[in-house]
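First up is the structure itself, then whatever we jot down about it.
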């Protein structure tokens with residue numbers, strides 16, 4: 001019994017470590033794209049080894065492969081033979097965060113300027129940039145943040161119970177767009193008053209990965225929720241809301257207040 005208790009609390013601590021690493025990596029990413037940290041999208045040591053463009057594209061590919069591959073149900077079915085199911089999500093979160101760290105650490109600056117905006121529009125673009133990140137965080141909190149980050153699973157394991165299944169819901173912004181979290185990311189990637197070649201490569205590459213990842217995610221959601229998700233797809237746009245139109249909340253969401 002003491003060993004079982006130790007395992008449960010170790011898993012709980014591991015889940016929190018993964019969560020904090022994720023927060024730290026995303027916080028650094030905010031500064032990375034804004035060029036306000038020592039190693040940013042447009043700064044840092046240059047290397048003579050390898051073509052910078054090829055290296056950067058490879059880093060984006062590695063990041064995208066890790067995220068998309070490990071998120072697929074088929075991979076999870078195999079993965080959980082080696083990684084205990086209660087910490088499967090936390091392990092995914094930790095490895096995804098480390099993949100982001102590797103991407104930022106290995107990024108090669110390409111400082112040639114593509115466009116630059118000065119004057120009054122510059123602070124407005126900074127506001128849009130920060131708004132993109134705020135939208136991303138808001139979208140996470142509108143759904144089950146603890147489930148997404150693995151905390152719900154390790155908390156249930158510590159309490160010696162199975163996590164309750166999560167039903168399909170459309171809270172708040174999810175009634176207007178299917179992927180407000182992704183919309184926030186894309187806004188943050190592109191909103192800048194000084195677009196360099198390196199930043200443009202990052203924005204194009206990450207946007208491309210996101211479009212592929214969303215398609216794969218929606219395929220899995222259709223497989224899980226069937227016609228409910230197909231109706232949601234038909235009624236709600238993917239990234240940009242239609243003015244004045246929103247899907248009605250589910251009965252469960254209405255009951256919850």
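The values are calculated or read from the model by the stated rules, or taken from the named source; none is laboratory data. Given the structure is predicted, the values throughout are model-derived calculations rather than measurements. Ideal geometry is used to build each Cβ from the backbone, glycine not excepted, and the neighbour counts take in all protein chains shown.
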Practice task
Considering each of 183, 207, 224 in turn, give the residue that is part of a helix (DSSP H, G or I) and closer than 30 Å to residue 8 by Cα.
Solution key: 224
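Please verify whether the stretch 90-107 includes one or more residues that are at pLDDT 90 or above and not in a helix (DSSP H, G or I). So that I can check it myself, show each step before the final result.
Here is the first cut: in the stretch 90-107, the ones at pLDDT 90 or above are 90-107.
Checking which are not in a helix (DSSP H, G or I) leaves us with 107.
Yes, some residue in the stretch 90-107 is at pLDDT 90 or above and not in a helix (DSSP H, G or I).
Of the residues 173, 200, which single one is touching a strand residue (DSSP E or B) at 6+ places or on another chain (Cβ under 7 Å), surrounded by fewer than 21 Cβ atoms within 10 Å (Cβ to Cβ) and part of a helix (DSSP H, G or I)?
Numbers: 173 fails: touching a strand residue (DSSP E or B) at 6+ places or on another chain (Cβ under 7 Å).
Just a single option satisfies the conditions, and that option is 200.
Is it the case that residue 52 is out of contact with any helix residue (DSSP H, G or I) (no Cβ under 7 Å at 6 or more places or on another chain), on the phi < 0 side of the Ramachandran plot, buried (at least 16 other Cβ atoms within 10 Å of the Cβ) and in contact (Cβ under 8 Å) with a residue 60 or more places away in the chain? Before you say what the answer is, go through the steps one by one.
Details: out of contact with any helix residue (DSSP H, G or I) (no Cβ under 7 Å at 6 or more places or on another chain): yes; on the phi < 0 side of the Ramachandran plot: yes; buried (at least 16 other Cβ atoms within 10 Å of the Cβ): yes; in contact (Cβ under 8 Å) with a residue 60 or more places away in the chain: yes.
It is true that residue 52 is out of contact with any helix residue (DSSP H, G or I) (no Cβ under 7 Å at 6 or more places or on another chain), on the phi < 0 side of the Ramachandran plot, buried (at least 16 other Cβ atoms within 10 Å of the Cβ) and in contact (Cβ under 8 Å) with a residue 60 or more places away in the chain.
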Exercise for the section: State all residues of the stretch 103-143 that are more than 17 Å from residue 188 (Cβ to Cβ) and surrounded by 15 or more Cβ atoms within 10 Å (Cβ to Cβ); if no residue qualifies, say none. Expected result: 106, 108, 109, 110, 142, 143
Practice task
Scan the stretch 77-101 for residues that are under 18 Å from the mean Cα position of the chain (by Cα) and free of Cβ contacts under 8 Å to residues at least 40 places away in the same chain and report the count.
Solution key: 2
Practice task
Please work out which one of (1) at pLDDT 95 or above; (2) more than 18 Å from the chain's Cα centre (by Cα) is the condition residue 203 fails and give its number.
Solution key: (2)
Handout entry: Any chance residue 168 is surrounded by fewer than 16 Cβ atoms within 10 Å (Cβ to Cβ), in contact with a helix residue (DSSP H, G or I) (Cβ under 6 Å, 6 or more places away or on another chain) and not in a loop (DSSP other than H, G, I, E, B)
Key = no
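Tell me, please, whether a residue that is farther than 29 Å from residue 83 by Cβ and buried (at least 17 other Cβ atoms within 10 Å of the Cβ) can be found in the stretch 152-163.
Restricting attention to the stretch 152-163, the residues satisfying the condition of being farther than 29 Å from residue 83 by Cβ are none.
No.
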